[in-house]
Amino acid sequence: MDEYDTTSSSYVVYWRDWFLAARGHEYFCEIDEEYLTDRFNLTGLQSEVTYYNHALDLVTDVFDVDCKDEVREQVDKSARHLYGLVHARYIITSRGLSKMCDKYKRGDFGRCPRVLCHGQTLLPVGLTDVPGQSPVKLFCPKCEDIYTPKSSRHSAIDGAYFGTSFPHILFQVYPQLVPEKTEERFVQKCFGFKVHSHAALSRWQEERKEEMLARLRGCNIRTGFPSDVVAERGDTNSFRSW
Amino acid sequence: MEEQDSWIAHFCAMPGHEYFCEVSDDFIEDDFNLTGLNQMVPNYKQALEMILDVEASSDEEDDPEDDEYDSRQYYSGRRYRNRANVNIEAIHANAQLLYGLIHQRFITSRNGIQVMYYKYAHNHFGHCPRVNCGFARTIPCGFSDVPGVDTVKLFCPSCLDIYVPPNNRFLRIDGAFFGSTFPSLFLMSYPELDVSGPHPGATGTKGVQKKVKEKTEGSSRVINGVVEANFAPGLGKGNIYDMKIYGFKVSEKAKSGPRMKWLRDRPEDMKELDEVENFSNQDSRYVVDVSNNAREENSDVTMQDDEIAGR
Ligand SMILES: [Zn+2]
Ligand SMILES: [Zn+2]
C-alpha cells in the first residue's frame, strides 16, 4: 500500500480521503468527523491500537507531522487499524448503514459469483469480530452464502473492519432491500441426461425447502420466493431449472 | 522458415484461453471425430488447415519470392499468405470456432479427460469462490453444447453449483467449447478424486492422489454411483452459513431471516438419498398407473392432459 506522505505538497489532502482512495479500500465508507471525535464511540480501542492518540490525530487530520520516519510509519499503520475498528462500529449506526446501503446499491462490493444469482450485489462481512483473524468475505443476500473476494487486494483486508453482524443488521433495518430468493437450480448433465446422484440430492433439498415454506406459511410469514406470488395465482409450474 | 509454435499452442496461450487444453493432432486428423462440424463452421477446410498448420493447399502458382503477406498478422511471428478472395481474419475466426467445437469433443474422450485432469490438478481452472468449499478446485463447463448461447462457467464438485469465472477475460469464452457434459464425465472418470478443499501446497497430481488415498480409506461407500466421501463434501452440516447478529442466529421467522439453507444442505447419512430415490421411483410408477387407468376410463381427461402437455 502507498504510504500516506505527510510531508509532500499534497499535504492538504485529508488522511481519510487518502485512505478511502487507496487501492483495495473500495469497501470502506467515510466515517463522519463527529463520530470519530466523540470519544464514547471509541471506547475500548486504546488498548487495541499502538500510538492510539497519534493515530487518532492522524485520522482526524490534527497530527503534528514533526516526528521520526519510523514513528510516522507506525502511526500511519495504527491509524489504518484504528479507522478499520471504528468502521466496524460506524457501519451499524443509522448514518453508516445508509452510506453502506448506497454502496451496496451501486455494486461497490461486487456481484455474486454464483451464476444463478444473476449478478446480485454483495455486502462485506467478517467471519469474526476479533481483528487479525480472518480477511473480509462477501455476503450474497440472494443465496445467503459467503464468498471470497475476487481480487487479492480485497481479500487482504481484515474482516473485523466490517464485522459479523453488519449485513444482517442492514437487512433487518431495510427489509425491503432483501432481494427475491431464487429457486433456480443447476442441473448437472451428462450427454443430455441428468446426473443421477446430483438429481437425487436436488430432490432431497427441494423437500427441505418445501418443509421450510410450509413452516413459514403456517406462521403467515412471507417466504420471499417468487412462487409465493405464483402460488396465489394458482400456477404450479414455477420450478425453473437449467 | 524458422521453427514456430503450432497454431494450437498459440491459441491455448492466448489470454482468456487458460482453460483450453491442446487437442492432439491424432484426434483432429481422425475424420470420425469431426463428424458434422463441416456444417457448423464456415470455410471449414481452410479453418482446419489453419489449425493443423498445413500449408494452404494452393492451386495457384507458387512463387515464394513474390508471395504477398498479409500485413494484419493475427499472431506475432506468424504469417499467412494473403490470397485473393480469402479473408484471413474471417478464416481465423472460423478456425477458433472449429477448434472450440473439436475441443468440446476431445475433452470428453479418454485422452482429453486425462489432459484435462493434469490441468485440474495444476489449478488451471481455479477454485470455488464459496468460503465453505475451502478452495475446492472447479471444472470448466458450458450450459449449452451449441456455440453462441452462453460463456464458460465453472462447476464446483464440492457444492454442485456453478460460478462465473473470476476474471473478465473469461467472459468472452464460449461455454460450448467445454460443453455441458464435461464436468460429470470428468468426475465419473475419477471417482476416487477428492473434490474437497483445501489443498494447501498440493499443486500437482501427486498431492491430489495422496490426499485421495488417505481420505477414501474407510469411507469408500458408493452412493448413487459416487464414492460417498467425494460427493458434495462442501455441503451439509457445518458448511452452511449462519446469519448472525451479535452472535445470535437470525430467526427464520424474521422478514430478513434465512430462506436458502436447503440450497447448501445434504443429508448427514447419504444413504438417505438412496431412499429418496426409491421412494420417488415408486411415486412415478404410481403416477403412471393412475394415468393409464384414466386413459382407459375417461378419454376426455387424457385429451385434456395431452393438450396441457403440448402447450
Ligand atoms: Zn448469491
Ligand atoms: Zn463450491
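Among the residues of segment B:124-149, how many are open to solvent by less than 10 Å² (accessible area, probe 1.4 Å) and small (Gly, Ala, Ser)?
Here the count works out to 2.
Quickly run through segment A:143-158 and pick out the residues that are under 18 Å from A:Cys112 (Cβ atoms) and more than 8 Å from chain B (Cβ to nearest Cβ).
Step one: of segment A:143-158, the residues under 18 Å from A:Cys112 (Cβ atoms) are A:143-151, A:154-155.
Within segment A:143-158, A:Pro149, A:Ser151, A:His154, A:Ser155 meet the criteria.
For segment B:95-111, the count of residues that are open to solvent by less than 40 Å² (accessible area, probe 1.4 Å) and under 17 Å from B:Pro233 (Cβ atoms) is zero.
When B:Gly197, B:Gly204, B:Gly175, B:Gly134 are checked against the criterion of being closer than 26 Å to B:Ile28 by Cβ and either at pLDDT 95 or above or not assigned by TED's automatic domain parsing to the domain that holds B:Asn33 (or both), a single residue qualifies: B:Gly175. Answer with yes or no whether A:Asp145 is within 13 Å of ligand 1 (Cβ to nearest atom), out of contact with any Cys (no Cβ under 7 Å at 6 or more places or on another chain) and assigned by the TED database to the domain that holds A:Thr43. Spelling it out, A:Asp145 is indeed within 13 Å of ligand 1 (Cβ to nearest atom), out of contact with any Cys (no Cβ under 7 Å at 6 or more places or on another chain) and assigned by the TED database to the domain that holds A:Thr43.
Looking at A:Ala88, is it more than 14 Å from chain B (Cβ to nearest Cβ) and either more than 16 Å from ligand 2 (Cβ to nearest atom) or loosely packed, with under 15 Cβ neighbours inside 10 Å (or both)? Here the answer is no, as A:Ala88 does not meet what is asked.
Okay, residues lined up against (1) within 30 Å of B:Gln46 (Cα to Cα); (2) in contact with a Gly (Cβ under 7 Å, 6 or more places away or on another chain):
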{"position": "B:Asn87", "(1), (2)": "yes, no"}
{"position": "B:Ile102", "(1), (2)": "yes, no"}
{"position": "B:Ile107", "(1), (2)": "yes, no"}
{"position": "B:Arg110", "(1), (2)": "yes, no"}
{"position": "B:Met116", "(1), (2)": "yes, no"}
{"position": "B:Ala121", "(1), (2)": "no, yes"}
{"position": "B:Pro157", "(1), (2)": "no, no"}
{"position": "B:Ile162", "(1), (2)": "no, no"}
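With the condition kept exactly as written, say whether any residue in segment A:31-44 is of a type outside the set (Gly, Ala, Ser), crowded, with 19+ Cβ neighbours inside 10 Å and in contact (Cβ under 8 Å) with a residue 60 or more places away in the chain. Among the residues of segment A:31-44, at least one is of a type outside the set (Gly, Ala, Ser), crowded, with 19+ Cβ neighbours inside 10 Å and in contact (Cβ under 8 Å) with a residue 60 or more places away in the chain, which makes the answer yes. Out of all the residues in segment B:114-135, is one or more within 16 Å of ligand 1 (Cβ to nearest atom), of a type in the set (A, V, I, L, M, F, W, C) and more than 20 Å from B:Trp262 (Cβ to Cβ)? No, segment B:114-135 contains no residue that is within 16 Å of ligand 1 (Cβ to nearest atom), of a type in the set (A, V, I, L, M, F, W, C) and more than 20 Å from B:Trp262 (Cβ to Cβ). Of all the residues in segment B:136-157, those that are within 16 Å of ligand 1 (Cβ to nearest atom) and touching a residue at least 60 places away in the same chain (Cβ under 8 Å) number 1. Against the numbered list (1) modelled with pLDDT of 95 or more; (2) more than 16 Å from ligand 1 (Cβ to nearest atom); (3) buried (at least 17 other Cβ atoms within 10 Å of the Cβ), A:His154 comes up short only at (1).
Of all residues in segment A:113-138, those that are more than 11 Å from every other protein chain (Cβ to nearest Cβ) and open to solvent by 10 Å² or more (accessible area, probe 1.4 Å) have Cβ atoms under 9 Å from Cβ atoms of residues that are of a type outside the set (Lys, Arg) and within 16 Å of ligand 2 (Cβ to nearest atom), 6 or more apart or on another chain, in A:Gln120/A:Cys112; A:Gln120/A:Cys140; A:Gln120/A:Cys143; A:Thr121/A:Cys112; A:Thr121/A:Cys140.
When A:Gly159 is tested against (1) open to solvent by 10 Å² or more (accessible area, probe 1.4 Å); (2) more than 16 Å from ligand 2 (Cβ to nearest atom), exactly one condition is not met: (1). Any residue at all in segment B:171-178 that is more than 16 Å from ligand 1 (Cβ to nearest atom), facing chain A (nearest Cβ under 9 Å) and open to solvent by 10 Å² or more (accessible area, probe 1.4 Å)? Within segment B:171-178, none of the residues are more than 16 Å from ligand 1 (Cβ to nearest atom), facing chain A (nearest Cβ under 9 Å) and open to solvent by 10 Å² or more (accessible area, probe 1.4 Å).
Given the condition basic (Lys, Arg) and away from ligand 2 (no atom under 16 Å from the Cβ), answer yes or no: does some residue in segment B:127-140 qualify? Taking every residue of segment B:127-140 in turn, none turns out to be basic (Lys, Arg) and away from ligand 2 (no atom under 16 Å from the Cβ). Taking segment A:127-172 as the range and being within 17 Å of B:Lys244 (Cα to Cα) and over 15 Å from the mean Cα position of the chain (by Cα) as the test, only A:Val130 passes.
The values are calculated or read from the model by the stated rules, or taken from the named source; none is laboratory data. These numbers come from a predicted model, not from an experiment. Please note: Cβ atoms are built from the backbone with ideal geometry, for glycine as well, and neighbour counts cover all protein chains shown. For accessibility, only protein heavy atoms count, side chains too; no ligands or nucleic acids. Shrake-Rupley method; radii C 1.70, N 1.55, O 1.52, S 1.80 Å.
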